[in-house]
1. Order of 153-166, 56-69, 95-108 by packing, highest average Cβ count within 10 Å first?
2. Take Cys59, project a point 7 Å from its Cα along the Cβ direction, then tell me which residues of segment 116-141 have their backbone nitrogen under 20 Å from it.
3. As a test of the formula, what do you get for the chain when each DSSP H run with n ≥ 4 contributes -39,500 (n - 2.57) and the sum is divided by the residue count, at 222 nm and rounded to the nearest 500 deg cm²/dmol?
4. List the aspartates and glutamates whose Cα lies under 17 Å from the Cα of Lys15, skipping any in the same chain that are fewer than 8 positions away.
5. Where in the chain are the DSSP H helices whose alpha-carbon span along the long axis reaches 27 Å or more and whose Kyte-Doolittle mean is at least 0.0?
6. Does the chain come out rounded, prolate or oblate by the C-alpha gyration tensor, with a ≥ b ≥ c the root eigenvalues, rounded set by a/c under 1.5 and, if not, prolate when a/b is larger than b/c and oblate if not?
7. Can you give the accessible area of Thr224 in Å² (nearest 10), computed on protein heavy atoms with a 1.4 Å probe?
8. Can you give me the distance in nm between label points at Phe30 and Ile17, each placed 7 Å from the Cα along the Cα-to-Cβ direction?
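The values are calculated or read from the model by the stated rules, or taken from the named source; none is laboratory data. In this text, all values refer to a predicted model and were calculated from it rather than measured experimentally. Heads up, the Cβs are rebuilt from the backbone with ideal geometry, glycines too, and the neighbour counts pull from every protein chain shown. We work out accessible area using only protein heavy atoms, side chains counted, and drop any ligands, DNA or RNA first. Shrake-Rupley method; radii C 1.70, N 1.55, O 1.52, S 1.80 Å.
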Amino acid sequence: PPRRQALDAAYSIVKHILTKHGYLSQFINFNTYDHGNPRDERKSGTILQGVARQILSKCGVRVWWVSLPREIPMPAVFVGVDVFHAPRKYDAKAGKRTAKQSVAAIVVQVIRSHEEKDNANADVYSETFRRNVGQEMDLGNCMKQTVSNALRALDVNPMSCVVWRDGVGSPAINTVAGQEIPAVRQALAAANTIVGQSSGKGVPAHIPLSYIVVQKRIATKFLTNDGQSGLPCGSLVVGMGSTEHSTFYINGTSPPYSTPKPARFIIAKMDDGFGAESKTTKTMANLSWALCHDYSNWTGPIKLPSPVQMAHKLAELAGGMSDCGESINSKALAGKIHFL
């Protein structure tokens with residue numbers, strides 16, 4: 001970037017051109033750190049190792065494996081949904097600050113079995129959608145389209161599905177769930193029939209579905225009894241929250257000099273098929289915590305499960321493009337985490 005800037009205005013334009021034609025790309029900003037003449041070899045090595053992980057992930061390689069709860073029927077489909085709202089910028093023509101259209105990103109991740117050897121590739125499919133400014137809801141048709149295309153592109157006959165939905169406030173949970181759950185069910189049923197007939201395998205009459213709303217901008221914080229420190233990383237709190245839906249909190253990170261803020265997980269829908277009914281909340285908590293370690297762009301745990309974090313990353317990337325990511329060649333980039 002010019003003048004030692006952290007960001008280059010041409011970045012989103014070049015990304016737009018490459019993703020439109022299905023090409024992978026990786027950029028390194030030498031203004032952030034000069035790797036040609038590093039002051040600290042260790043720091044430079046750490047950064048370049050992260051770049052190497054990104055390149056491998058973008059090429060479709062699973063860089064590490066996390067063990068998932070055995071109660072999850074395999075193959076499993078994990079769906080992450082997030083909406084990016086661009087900050088308002090001053091428009092000289094309008095003479096006021098205006099907002100760009102929002103972008104919704106849906107990421108579908110497939111786990112084929114509980115064994116690492118069967119999951120060497122990163123089976124990920126993603127699509128983005130242009131939305132009105134500030135619009136979070138009405139994603140039913142978008143989710144149906146994305147899940148259908150993903151199952152067809154990745155050639156999977158799913159036995160279970162878990163959806164993590166970000167960006168939904170508590171008052172709107174039932175409304176959003178009522179729109180999106182039937183859409184996902186329709187996609188699973190239609191795609192399952194097609195894949196099942198082509199492969200000759202039996203198609204389950206009912207695919208268990210779990211729909212979880214993730215809230216990270218919350219005021220709830222947990223401290224130790226003496227009030228001197230926050231809960232350690234990985235702490236699980238169950239039994240607090242809504243009386244209508246099962247709720248749990250995961251303290252994904254624990255900064256040393258500030259109060260950690262957990263993420264709230266609200267289970268809006270839970271079908272039978274994820275183990276004993278009395279333990280389903282614990283199963284979803286264990287699954288969510290395991291996937292917090294599955295995000296290949298960070299070596300430690302993050303606050304959100306990897307499908308949601310990937311959806312956030314993709315929505316942010318598409319939000320910087322002039323067409324809000326509508327030209328991204330999703331079919332050509334299937335099986336590749338191209339947006340890291």
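1. 153-166, 95-108, 56-69
2. Counting only backbone N, you get 117-125.
3. Numbers: 6 runs with 97 residues, N = 340.
Counting only the DSSP helices, I get -9500 deg cm²/dmol.
4. Straight-line reach from Lys15, under 17 Å: Glu127, Glu316, Asp323, Glu326.
5. Numbers: long enough: 173-199 (37 Å, 0.36).
Correct list, ordered by number: 173-199.
6. On the way: a/c = 1.37, a/b = 1.20, b/c = 1.14.
The shape class here is rounded.
7. 50
8. In this crude label model, Phe30 to Ile17 measures out at 2.0 nm.
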